[in-house]
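Read through the structure below, which is laid out as structure tokens, and then see the notes.
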Ligand code: SF4
């Protein structure tokens, strides 16, 4: 319950960090409770600049962006802001210290009066999903357990629809808009393209078009089929990690090593693009891990490191060079397979002659 026991009617959600993977759930849950959701604006240069003002320069870009989004909500006059502390998503499967300590970071850097809704999710400490949402609803002044249970179910419904669509190949924004409007498109959108890549990246880096400099659209414009973690089920990612004998240690691991491992094993990709924030420790460990498996499978990996100063021109040049190399490699492979097939289709006698020559 909030200090003044009031029922909160409007909640601000920063369009950053957990928003990118969990928003369908958040939307379904808060709406079912009768609480209006107000999102911060899409990331802009101004939002990044504002975030930059408050935190140390060596802080990673996604955290600076998160701070900028909180400032944006305060500028909109929102007084109740959802800033969860997601500590661990499984036993000893942890988030990095910055995500775990998000409420503390905000409390320490933003010196403005507002009410932070800051539930904790910590599977290691047995603070699970139900506790998390009960705490959230109670902080909004809502204590009706039946209503909260229904809201959790609505959240799941919205989230499951979203995932069903993304796993069927429907794009992130379309799936998100459909899910929050109660639509679940059943059609399969798996397109065939000359080359395919898997992107390993946190959702908050990849699906924020400003942070990722529109990476997905840029690759698609080059006629490349793109796979992301949202196209793979959680269980398939876990199975792939097990098959490669890797242990899930980080909470966001499935968005990085999980997706890359899955597509490497399925032999469905020609390359991997790893997108990470400058100075991120967990990302460099995960990318190192996959680099080694990618090498074994003869699949090239391009590592793009981003911060607020990353320029679009250099980014495009590296992507084009990578796409070019993948295409050349694919053509050589296809030529080789074709010539092998021709040799194998010759009569036995001719085959011997060809070998002797
Ligand atoms: S995992 Fe890396 S990029 Fe994400 S918040 Fe932590 S340090 Fe930043």
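The numbers here are math on the coordinates, done by the rules we state, and not lab data. These numbers were taken from a predicted model, which means no experiment stands behind them. Counting neighbours? That spans all protein chains shown, and the Cβs are built from the backbone with ideal geometry, glycine included.
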Worksheet, complete the sentence: Computed over the chain: longest principal axis from alpha-carbon atoms vs helix 281-296 long axis, angle to nearest 10 degrees, is 20
Worksheet item: Expressed as an acute angle from 0 to 90° and rounded to the nearest 10, what is the orientation of the C-alpha long axis of helix 145-167 relative to the principal long axis of the chain?
Response: 20
Worksheet item: Under a plain spin-label model, where a point goes 7 Å from the Cα along Cα-to-Cβ, how far apart in nm are residue 92 and residue 190?
Response: 3.6
Worksheet entry | Proportion of all alpha-carbon pairs of the range 231-277 beyond 14 Å (%) | 44
Response to the item:
In this structure, the FRET efficiency calculated for residue 209 and residue 342 from their beta-carbon separation, with R0 = 45 Å, to the nearest 0.05, is 0.45
Fill in: Principal-axis tilt of helix 45-54 within the chain, Cα atoms, nearest 10 degrees
60
Discussion item. Looking at the calculated P(r) for the chain, what percent of the C-alpha pair distances fall above 34 Å?
Written reply: 31
Worksheet item: Which value at 222 nm does the chain reach when only helices count, each DSSP H run of 4 or more adding -39,500 (n - 2.57), with the total divided by all residues and rounded to the nearest 500 deg cm²/dmol?
Response: -16000 deg cm²/dmol
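Which value, in Å to one decimal place, does the Kirkwood hydrodynamic radius take for the range 10-172 when every pair of different Cα atoms is included?
Computed over Cα pairs of the range 10-172, the Kirkwood hydrodynamic radius comes out at 16.4 Å.
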Response to the item:
So, with points 7 Å from each Cα along the Cβ direction, the residue 143-residue 309 label distance in nm works out to 5.4
Discussion item. Rounded to whole Å, give me the distance from the Cα center of the range 274-329 to that of the range 69-96.
Written reply: 28
Worksheet item: Which of 271, 77, 203 moves the most in a Gaussian network model of the chain with Cα springs under 10 Å?
Response: 77
Worksheet, complete the sentence: Under a Gaussian network model of the chain whose springs join Cα atoms within less than 10 Å, the largest fluctuation of 245, 255, 131 belongs to 245
Worksheet, complete the sentence: Taking the reciprocal of mean 1/r across every pair of different Cα atoms in the range 191-342, the Kirkwood radius in Å is 15.8
Worksheet item: Listed highest first by mean packing, meaning other Cβ atoms within 10 Å per residue, what order do 91-99, 224-232, 295-303 come in?
Response: 224-232, 91-99, 295-303
